[in-house]
Structures are given as structure tokens and as C-alpha cells.
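Below is one structure, written out as C-alpha cells, with a few remarks after it.
Where a number appears in this text, it was derived from the coordinates with a stated rule and is not lab data. Everything numeric here is computed off the predicted structure, so don't read it as measured data. Every residue, glycine among them, receives a Cβ derived from its backbone with ideal geometry; neighbour counts consider all protein chains shown.
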Amino acid sequence: MTAYIADNEHKLLEDQLGVYKTTISSIGSERGSQFFLDALGGTGKTFVINLLLAKLHQMKHIAIAVASSGIAATLLSGSLTADSCFRLPSDLSKKEKANYNISCGSIKIKLLGECRQTFPVVPKATRADKSSVQKLRFTTNMRVQFRGDDVDRTFSKQLLDVGNGTSVGEEDGRVSLPFGHMVSDLKELMNKVFPNSRNQFTDHNWLKTRAILVPKNVTVDELNTKLLEQLPGEHHIYNSIDTVLNIDEAVNYPVEFLNSLTPHSHPPHNLHLKIGTPVMLLRNIDPPKLYNVLETTILTGKASGEPVFIPRIPLTPSDMPFLYKRLQLPLKLSFAMSINKTQGQSLNVVGLNLAEQVFSHGQLCVGCSRVGNPNHLFIYAPQGKTKNVVYQEALQI
């Protein structure tokens, strides 16, 4: 740990060093502190937070990284998802809520994110919460700083314009993207992102660095099925066992009906796989190794290269008018993913399928910024334009 800190502290840029020192200096205070680090992609949030965690641990302080998603958790040292760390129930009743008047006690909290990307929804939060938070910023793009690449510099500015909703040519919320390669149809998009997939898919290093991103989950499943069909090899079909939990209701919901359902974040009844296809893990069954978007041979994250065994587990949807249980492998194909699912990831090659428009704040910015080189971004958008949803009020946070 000491060697890691010594090797990396001197690499901090000026604005990163300011945030680093501000956070450490707050540790001696008995008052709680809340910081919000607002920083664009590529400015070094992950690098600085991991260094802060190491420094605080070296100083014998308790410091925990908590992420809102499994993907984000794989990027931070020793991180857990919020529901795993705090044992959060899915539905908090009044009786379960703590009632404290002191904000955070003496705990120091650093929140980090990017106001131009997709937001979580905080029920009953108000603008009054804003006054207790100290805002910090990173402004220097590390890719530009270290590579001096004019393409990166231009791309960074164009992404900022998309995130701010000020892209040139915006008309009625629709924008012509000035970067990336426009393709004429979905077939061309698949061929650009996964060229010669029949021969290349066995190369795990090639496969794990690319994906097609779409705004809605329903399109994800359709794309994954098409891409699976392009690969050689035998189909392996894994069928779930579906049962209604209340036996008195079983007559109203026959097994065939249960099999036809695919609730959000659940695997299908018929899970089609081929040897070597990438899959997404839908449940965090073995942290810190197994989080969302990891393979059965883990390709990314802290346990890259390790083989794992994924068991069938019982899954109970919470958004159905009745309770039923699905016993199935918690997996789904991941050639294509939703834009929201990839927030926090970096990929080498990205395809954006915008046949269906983005529908929430920051989605377009997230999709475009998953790749560092605009020459490796391929976009399918009918008429060459797409909707860009930006809530200007959100940018004032």
C-alpha cells in the first residue's frame, strides 16, 4: 500500500491534488462533511478515489467505497454495492427509517459523479439538501493531458456540448452528432462492432472491449438474439422452473403463462447460450469477484481470468401483481446492453443503436462517452439525427 501511494501521489494533476488534500484535511474534524465531486469522464475520478482509499487506510482510518451499481463497484478498491454494504431492503417503511437531526454525525462522505450523465432518483429530496454539500471539480481531461491528442481534445469538447445540450444543429431536441461514424442500418452496425465475429469471438480480449448500446431493454434482447445466431456452435438451452408462491393462486397462472414472462433484470425462461458467448451476471452472488457484466470466465474487474461456477438461483420479481419464483441461471447475453447499464464502463469499440430515441437526462452523453476514441464509435440514427434529453436544472447542481 505504501509503495502504491508513493508511486501515484506525484501523478496527481493540480485540480486532483486540491480535491485529494481537501478530503484528507477534513478527516481531523469532528463534524460531518459532505463533498460532491463533479467531473467529466476521463478526468481521473477512479484514479483519485482509489488513491484516497489507500491513503486513508494507511492512516488507520475506516474508508469504504460504496457504488450504486455492480459495474461501478468493480472499478473501486474493495468496493461494494450500496444494497450489499448497507443491507438495504427494497421497500423502506416508516418504522424502518432512522430519525436523526444531525447530518451524517462525524462521518465524511464524498459523492462523485457527472451531472451530464444519467441520474438516480431520490424520493422526497429537496433543494435544501444542497446547502450542506461542498462541491469539488476536476476539469483536466487526463487523456488529453498525457497523450496531447488533438482528436481527444476535440472529442472531449464535443461530448461536453452534448452533455450540456448545446451541440451545434440542435432542433426540437434533435441533434446531428459531429463525431463517430454514421452507419446506414442495424446490420452494418453489428458488422462494425463485431466484424468477423464467427472467428473472433473466441478471443476474450477482443470480445470484452466492445458492445452495442441501446436506450431500452426490449431492444437489447432482440439484438443479442441476432448476434448469437451469427456465431458457430451448438445452441445450449437452459429452461427455468417457474412456480406461483401462493398455492391458492396457482390455478389463475398456469406454468405456460409464467414461462412467457421476462420481468426486468430477470433471465428468460429459455436461456439460449453457445460456448464462448459473453453473458451478464444479473445478481451479485459472490462479491467482490462477481458483479454485473462479468463472464463465467471472468474477463473484467478485479478477478479477471478466473473461472467461476454460476448456479441456478431462485429469483422473485417485485414488480408483478402476484408473487412467483423463477429458478434459473442469473445470466443474459451481453453483446448488447442498455446505455444505463454501461455507465461507469470504458470500452474500445462502441455501437450506438438509436433507432429508438433516448428518453432520459444524460443517456446520449453516457452512450457516446463509453469510448475514448471517436473513430471507434459507430452510430445508427434514422435521418442522421437523434433526440438529446438534457435537463438544464440538473446541470446547476
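For segment 207-236, backbone nitrogen atoms closer than 19 Å to the point 7 Å from residue 359 Cα along Cα-to-C-beta are found at 213-224. Peptide packing for 203-211, 330-338 was compared via the average number of neighbouring C-beta atoms within 10 Å per residue; ordered from the highest value, the list is 330-338, 203-211.
If R0 equals 22 Å, the separation of the Cβ atoms of residue 395 and residue 181 corresponds to a calculated FRET efficiency of about 0.20. For the cross-link pairs 135/216; 187/332; 45/226, the ones whose C-alpha atoms lie over 28 Å apart are 135/216; 45/226. Each residue in 260, 346 was given a count of other beta-carbon atoms within 10 angstrom of its own, and listing them fewest first yields 260, 346. With a Förster radius of 41 Å applied to the beta-carbon distance between residue 166 and residue 14, the computed FRET efficiency rounds to 0.95.
When you filter the GluC sites (Glu not before Pro) in segment 1-42 for DSSP loop state and at most 10 other Cβ atoms inside 10 Å of their Cβ, you are left with 30. The chymotrypsin sites (Phe, Trp or Tyr not before Pro) of segment 349-392 that DSSP puts in a loop, and whose beta carbon has at most 14 other beta carbons within 10 Å, are 359, 391. Among 354, 261, a tally of other beta-carbon atoms within 10 Å of each Cβ gives an order, fewest to most, of 261, 354.
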